[in-house]
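Written out below as structure tokens is the structure these notes cover.
Bear in mind these aren't lab numbers, they're just calculated from the coordinates by the rules spelled out. Fair warning: this is a prediction, and the values are worked out from it, not measured in the lab. In this analysis, Cβ positions are derived from the backbone assuming ideal geometry, glycine residues included, and neighbour counts consider all displayed protein chains.
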């Protein structure tokens, strides 16, 4: 038990909670038993809750000449102690620290995840020198060196392929889940993964100029450039302090009663004003959590309420991020589509390529096949396709380059028919059986069923949807047309996404960015609000985001935006009420109706009403049918 208590007290937040509980107990004892005790227990609240407030106020004034709400609170504390109203001082200190705790618990500390980006770059590289391969630290690689990269290894630096054929997973740069075929003369980037073939490369960029290092700098710069919201209580604090001091001084001069002046300082103390924002945010965060959103930054909902544009990544966000078989076509007499599908599935059974795996998975799903016959022979050609022998038939499945290398002609009618699928963003696997072109399989990423409706709802809210994707122009254009998105930017690398987000925001059009890939991390950091897909998104992407979509169900996104807007309305109501109550209390204090203790109780009652009004947000619903989540 002792160890548990020690572990509990080591946590700073738990220490703060313990102090607040003890301070509350001390105030209760002060109210009930102070006449029977040698020292008023309210001093505990003043020392442990009040002194930190005074310290922060003095620090802000001296170092930055920053007049915040803490200044007025400190004046009220000191004035209450000066006239002997220790209970009122302790009460003010306690409720202000409760508000500060709510603020701290609401605003989570963002973690950039930059150290994980650094680990994406391999520590070692295989350098080819004098026809021998040696393993050296990656930082020793120089421009012009020749490297060898084996299957499964991460490319250590940027360069050009000088020998070999392969497929590279470039998701770190483009976000696209399918590997890109590479051959001699093609460029490869640091941080990308070599999936299948061994290749040699000549180094063109190293160190801080490499792609992955540029990504790190982008994340850092985007985070540093994001403006943080200043709480309204602090924004208005200067004027509140001036008004309070002026009112207190004039009342003292004209009435001659210092207690009235102190009461004005007490009722001017912006407890309800300080609680107005964090309580509403906490309640809205609770609502958002119930709808599948994990809010990592406390002010993210405030920023979300001000957005004008919504930028979507394509793969994994608007689509599911994995290829599906869209069509199987056979042109060989006596070979049905179903039989060609079966031969292709067997030929791809041992393939590690995502397209080959997709053919096998979809065949099993579409035909309910329990067992797929193993190929008698299997050879994979990186960047080309596969050649296998299935039930005595030689099956070739791949791209036109593989067909050309095996001297198999693809009839022009094939290209005419496949063009319609390519224009829709499909990838084509051409098939040949026993040396004759036999048909093709078209595969494509699938649009999420609710994506179109979400775009419509966003437009109805006055927002402009934008598609930012690393995919090619045809695929991006087709997806955008299907969803009704007019503004499309294709072929976007991380730098381009970051630049576009910056341009929008310079035009006074704050952007909310939704993405899942590592290449989206800089844009998520730069955007007014970044939302990451938690289920399929990378750890770095999630840590770069302000909000995480836990189960990847984007149907709740319009509700989140409406919740943010409604939360801001509640905050404004809270602020108006707290200011109105303070104004009324000031008039009563000037007239002598209120004393410091009663004044403290009045503005504390206002704080309770603010909290109750904020609590309504917990169960608020936008009215959309999709905002009702099914029980887990």
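Quick notes on this one:
- Segment residue 25-residue 616, length gained on full extension (0.36 nm per residue, minus Cα span): 209.9 nm
- If R0 is 45 Å, the Cβ-Cβ spacing of residue 131 and residue 446 corresponds to a FRET efficiency of close to 0.40.
- With the simple spin-label model, which puts each label point 7 Å out from Cα in the Cβ direction, the residue 250 to residue 472 separation comes to 7.4 nm.
- Stokes-Einstein D for the range 122-209, Kirkwood Rh over Cα pairs, 37 °C, 0.692 mPa s (µm²/s): 259
- Packing-based exposure ordering (other Cβ within 10 Å, fewest first) of 80, 210, 423, 449: 449, 423, 210, 80
- Fully extending the segment from residue 55 to residue 306, taken as 0.36 nm per residue of separation minus the present Cα-Cα distance, adds 87.0 nm.
- For the range 187-211, the residues whose amide N sits under 16 Å from a probe point set 7 Å from the Cα of residue 153 along the beta carbon direction are 188-204.
- Normalised contact order of the range 320-446, rounded percent, pairs of Cα under 8 Å and 6 or more residues apart: 31
- For the range 122-209: relative contact order, % (alpha-carbon pairs under 8 angstrom, 6 or more apart): 36
- Distance between the range 395-432 and the range 565-590 - C-alpha centres, whole angstrom: 69
- Inter-label distance for residue 436 and residue 509, nm, one decimal - labels placed 7 Å from Cα along Cα-to-Cβ: 5.6
- Taking other Cβ atoms within 10 Å as a rough exposure proxy, 365, 202 sort from fewest to most as 365, 202.
- The ranking of 511, 548 from fewest to most other beta carbons within 10 Å of each one's beta carbon is 548, 511.
- Counting 0.36 nm for each residue step from residue 32 to residue 140 and taking away their Cα separation leaves a gain of 31.5 nm.
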